[in-house]
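See below for the structure under consideration.
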Amino acid sequence: MYYKFSGFTQKLTGAWASDAYNPQGLRPVVSTEAPPIIFATPTKLTSSYPAYDYAGKNKVPELQKFFQKPDGLPVHLKRGLPDQMLYRTTMALTLGGTIYCLIALYKAAQPRNK
Amino acid sequence: MNHQTHAFHMVNPSPWPLTGALSALLITSGLTMWFHFNSMTLMLLGLLACIMTMYQWWRDIVREGTYQGHHTPTVQKGLRYGMVLFIISEVFFFAGFFWAFYHSSLAPTPELGGYWPPAGINPLNPTEVPLLNTAILLASGVSITWAHHSLMEGHRKHVIQSLLTTIILGIYFTLLQASEYFEAPFTISDGIYGSTFFVATGFHGLHVIIGSTFLTVCLIRQLLFHFTSKHHFGFEAAAWYWHFVDVVWLFLYVSIYWWGS
């Protein structure tokens, strides 16, 4: 039987072995390239991965490598140009709209001449 | 220093909370401009900014979880708490509209004729399209459970089929409700009956559309191999939301369509 301290009840409560061995929820990885392990596991994930079956093959492992490149870019700009364009458009619309909104509200607050 | 020594996710600075908040300002003031000054520009600008914010914010979460591996079990627990609390807040949102309905229908005023449905209102027959809609949503609850079990057992093809079934049922419900709205003999401005009926069912319909969209995103992610048999919280969140939408409909059906007719 394993126990953990429940912050909620301030008492010891029962726990699973997984909690005792990995209290922070971090699981030990076999290699630094952890993500491919999930997909490479041959157990019951799928009986077969016919690449021709459903619109292309599994691109997740390469995307994982790509997004984990230590280039210092924040996640919302990680892809480079397309991300930047979308970000700039969103920000322009939002900030421009805010200015338009403030002007419109100012005008709307003026008394109407009878 | 590349390695964090804790299980939590320290997110990169992000512009989306700001653009989201500002888009909310634009939508609300845009509504004012639409109601009082006959101009839809501000509101449409706000809706566009809101949609772009949502797309990029959730895209970033997928990048952080699926591609960068930040969603440890601890982080996932936090995400679960978050989704549960959000759905609870939605329950309270609908509770208000049910309160309004019962307040008016349990003690109908003399102006309504002293009975419910009020004088002059021909309610919809609950055994016709509304009953079909009930069957549709219940069936969609079954198909999404099938999808979840297939996902946990690694049957990729079944996940895709059952998720597609669920989405099609959701769309079918929406189309039937839309046609009911067109054909109904009463409108939203037909007194308190019209108000409570269309506001409650209208917000429910909006949530069906949101849920169907969430499920469609899950389908796309499933096609792109994002989900594993052990880790698929996005799908679970969509399933919880979908069951919530189903339950709200059951309450709507029993209260407004059936008891209220």
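The values are calculated or read from the model by the stated rules, or taken from the named source; none is laboratory data. These numbers were taken from a predicted model, which means no experiment stands behind them. Cβ atoms come from the backbone with ideal geometry, glycine included; neighbour counts cover every protein chain shown.
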Selection status of B:Glu111, surrounded by 15 or more Cβ atoms within 10 Å (Cβ to Cβ) and either within 12 Å of chain A (Cβ to nearest Cβ) or part of a helix (DSSP H, G or I) (or both): no
Selection within segment B:22-59 - closer than 27 Å to B:Gly234 by Cβ and at the interface with chain A (Cβ under 9 Å from one of its Cβ atoms): B:Leu22, B:Ser23, B:Gly46, B:Leu48, B:Ala49, B:Met52, B:Thr53, B:Tyr55, B:Gln56, B:Trp57, B:Arg59
Exclusive hit being small (Gly, Ala, Ser), assigned to a helix (DSSP H, G or I) and in contact with a Ser or Thr (Cβ under 7 Å, 6 or more places away or on another chain), set B:Ser89, B:Ser23: B:Ser23
Breaking point among (1) at pLDDT below 85; (2) within 27 Å of B:Leu164 (Cβ to Cβ); (3) facing chain B (nearest Cβ under 10 Å), for A:Tyr52: (3)
Residue within segment B:71-79 that is within 30 Å of B:Ile192 (Cα to Cα) and of a type in the set (Gly, Ala, Ser) present: no
Single residue of A:Lys114, A:Lys107 found to be out of contact with any helix residue (DSSP H, G or I) (no Cβ under 6 Å at 6 or more places or on another chain), modelled with pLDDT under 95 and facing chain B (nearest Cβ under 10 Å): A:Lys107
Pairs with Cβ under 6 Å, 6+ apart, first in segment A:74-100 and at the interface with another protein chain (Cβ under 7 Å from one of its Cβ atoms) and in a helix (DSSP H, G or I), second surrounded by fewer than 13 Cβ atoms within 10 Å (Cβ to Cβ) and among the hydrophobic types (A, V, I, L, M, F, W, C): none
Residue check for B:Phe186: out of contact with any Asp or Glu (no Cβ under 8 Å at 6 or more places or on another chain), outside any helix (DSSP H, G or I) and under 17 Å from B:Phe101 (Cα atoms): yes
Residue check for B:Asn125: of a type in the set (S, T, N, Q) and surrounded by fewer than 17 Cβ atoms within 10 Å (Cβ to Cβ): yes
Filter result (touching a helix residue (DSSP H, G or I) at 6+ places or on another chain (Cβ under 9 Å) and in contact (Cβ under 8 Å) with a residue 40 or more places away in the chain) within segment B:180-194: B:Glu180, B:Ala184, B:Phe186, B:Asp190, B:Gly191, B:Ile192, B:Tyr193
Criterion violated by B:Thr53 - all others in (1) surrounded by fewer than 17 Cβ atoms within 10 Å (Cβ to Cβ); (2) more than 25 Å from B:Ala200 (Cα to Cα); (3) in contact with a Gly (Cβ under 9 Å, 6 or more places away or on another chain) satisfied: (1)
Tally of residues being among the aromatic types (Phe, Trp, Tyr), farther than 25 Å from B:Tyr55 by Cβ and either surrounded by 14 or more Cβ atoms within 10 Å (Cβ to Cβ) or within 8 Å of chain A (Cβ to nearest Cβ) (or both) across segment B:3-21: 0
Positions within segment B:175-210 being of a type in the set (Ser, Thr, Tyr), surrounded by fewer than 16 Cβ atoms within 10 Å (Cβ to Cβ) and under 19 Å from the mean Cα position of the chain (by Cα), in sequence order: B:Tyr181
Qualifying residue in segment B:95-102 (condition: assigned to a helix (DSSP H, G or I) and in contact with a Phe, Trp or Tyr (Cβ under 6 Å, 6 or more places away or on another chain)): no
Residues satisfying the stated conditions in segment B:72-106, i.e. without any contact (Cβ under 8 Å) to a residue 40 or more places away in the chain, within 14 Å of chain A (Cβ to nearest Cβ) and hydroxyl-bearing (Ser, Thr, Tyr): B:Tyr81
Flag for A:Phe39 being over 30 Å from B:Leu25 (Cβ atoms), hydrophobic (A, V, I, L, M, F, W, C), under 22 Å from the mean Cα position of the chain (by Cα) and at pLDDT 85 or above: no
Residue in segment B:77-84 that is in a helix (DSSP H, G or I), not charged (D, E, K, R) and not assigned by the TED database to the domain that holds B:Trp240 present: no
Answer residue from segment B:150-177, given it is without any contact (Cβ under 8 Å) to a residue 12 or more places away in the chain and closer than 30 Å to B:Leu252 by Cα and is nearest to the other protein chains (Cβ to nearest Cβ) among those: B:Gln161
